[in-house]
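K.L.:
Here you go, one structure.
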Amino acid sequence: MSRVTVKDNGAAALLARAKTLAAGRVVRVGVLDDAPKDPHKGEKPSGMSLLEVAAVHEFGAPAAGIPQRSFIRATIDLHREDLAQLQIVLARRVVAGELTADQALDQIGAKVAGWCQTRIAEGISPALHPDTIAKKGSSTPLVDTGQLRNSITWKVL
């Protein structure tokens, strides 16, 4: 009679970590809270939530004379290759047991949110109308108080 000894050497744990990558978890990035927009500079409350303000600027509102200034979709398009590389690096770290899948997704969310915030701070075309610049005292689109930029966040689902 022969004896067989099976040594795992961590293969089961490795497989379990790899499976977490395909567990259907996602990360959402953007304005995820529907909080009311705070008025500034003596304005009356607009009644719009930050989510509504974000959508108007992301997609534009031609009937209201507001052009599209995509700060989420265009940012992801701009950083598509960087994002793909980041996903590969983080997936390897998950498989190696250095991170959990949730930690990796959290890092992706933080990076993409930061890219979106930076894009807003640097200015998104088209340029503002001179009347708008005079009214708000700045020529940077999407930045009055920083409220919209600061509301960009992420959530792992």
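The values are calculated or read from the model by the stated rules, or taken from the named source; none is laboratory data. What you see is a predicted model, and the numbers here were worked out from it, not measured in a lab. When we count neighbours, we look across all protein chains shown, and the Cβ atoms used for this are built from the backbone with ideal geometry, even at glycine. With ligands, DNA and RNA removed, areas are computed over all heavy atoms of the protein, side chains included. Shrake-Rupley method; radii C 1.70, N 1.55, O 1.52, S 1.80 Å.
K.L.:
Considering (1) surrounded by 14 or more Cβ atoms within 10 Å (Cβ to Cβ); (2) out of contact with any Pro (no Cβ under 9 Å at 6 or more places or on another chain); (3) β-branched (Val, Ile, Thr); (4) closer than 19 Å to residue 53 by Cβ, say which one residue 112 fails and leave the rest.
P.N.:
So the condition that residue 112 fails would be (4).
K.L.:
Continuing with the same structure: Pick from 155, 111, 135: which is outside any loop (DSSP other than H, G, I, E, B) and over 30 Å from residue 23 (Cα atoms)?
P.N.:
Working: 155 fails: over 30 Å from residue 23 (Cα atoms); 111 fails: over 30 Å from residue 23 (Cα atoms).
When all the criteria are applied, what remains is 135.
K.L.:
Can you tell which of 121, 127 is open to solvent by 30 Å² or more (accessible area, probe 1.4 Å), small (Gly, Ala, Ser) and closer than 21 Å to residue 76 by Cβ?
P.N.:
Answer to the selection: 121.
K.L.:
Sticking with this one: Just checking, how many residues over the stretch 90-105 are in a helix (DSSP H, G or I) and either open to solvent by 80 Å² or more (accessible area, probe 1.4 Å) or hydrophobic (A, V, I, L, M, F, W, C) (or both)?
P.N.:
10
K.L.:
Quick one: in the stretch 19-72, which of the residues that are under 21 Å from residue 150 (Cβ atoms), assigned to a loop (DSSP other than H, G, I, E, B) and at pLDDT 85 or above is nearest to the chain's Cα centre (by Cα)?
P.N.:
Checked the stretch 19-72; the qualifying residue nearest to the chain's Cα centre (by Cα) is 72.
K.L.:
Right, here's the next one. Taking the stated definitions as given, is residue 54 in contact (Cβ under 8 Å) with a residue 40 or more places away in the chain and either open to solvent by less than 40 Å² (accessible area, probe 1.4 Å) or closer than 22 Å to residue 23 by Cβ (or both)?
P.N.:
yes
K.L.:
Conditions first: (1) under 26 Å from residue 13 (Cβ atoms); (2) surrounded by fewer than 14 Cβ atoms within 10 Å (Cβ to Cβ). Residue 87 passes all but one, so which condition is the exception?
P.N.:
Residue 87 satisfies every listed condition except (2).
K.L.:
For the stretch 135-148, name all the residues that are surrounded by 18 or more Cβ atoms within 10 Å (Cβ to Cβ) and modelled with pLDDT of 85 or more.
P.N.:
148, the sole residue that qualifies.
K.L.:
Assuming residue 132 fulfils every condition listed in (1) over 19 Å from the mean Cα position of the chain (by Cα); (2) open to solvent by 80 Å² or more (accessible area, probe 1.4 Å) apart from one, which condition is it?
P.N.:
Just one mismatch for residue 132, condition (2).
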